[in-house]
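Step one of this worksheet: look at the structure below.
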Amino acid sequence: MNIKKLGHVVLRVRDLASFTQLNHRGALAMARRHYVYSLRRTGRTTYIGKTTNPRRRAAQHRRDGKTGSMTVERSFSSDRAARRSEASRLFNFRRKHGRNPRHNKTDSGGWLR
């Protein structure tokens, strides 16, 4: 597991190959993929989400005061598959705990409407 520290948010990537790819010059470049991640603090999941740029999203969480450990759980090639995975993870969290993670505002992920 690769660990990157971004201020008070620690970004943990379970599969470095799915997080980065080699560009045509052989340098590491961010893959254009969709990532499902969780934000944990003191051993508890406080947020489940998806993003196309985990580093930027970790910085946004830090600015919003949501500190902790951000773990990229899976990567997907399509937005639809990532949304379904995020919704499924939220459903399973609610089934186990009877509520959403602390910082999630909707039941299926995504923006409030």
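Quick note: the coordinates plus some simple rules give every number you see, no bench work behind them. Owing to the predicted nature of the structure, the values given are computational and were not obtained by experimental measurement. When we count neighbours, we look across all protein chains shown, and the Cβ atoms used for this are built from the backbone with ideal geometry, even at glycine.
List of remarks:
- Here the simple spin-label model places points 7 Å from the Cα toward Cβ, and for ARG55 and ASP79 these points are separated by 2.3 nm.
- Here the 3J(HN,Hα) profile of region 81-89, calculated from phi with Karplus coefficients 6.51, -1.76 and 1.60 at θ = phi - 60°, is 5, 5, 4, 5, 5, 4, 4, 5, 5 Hz, Gly and Pro shown as x.
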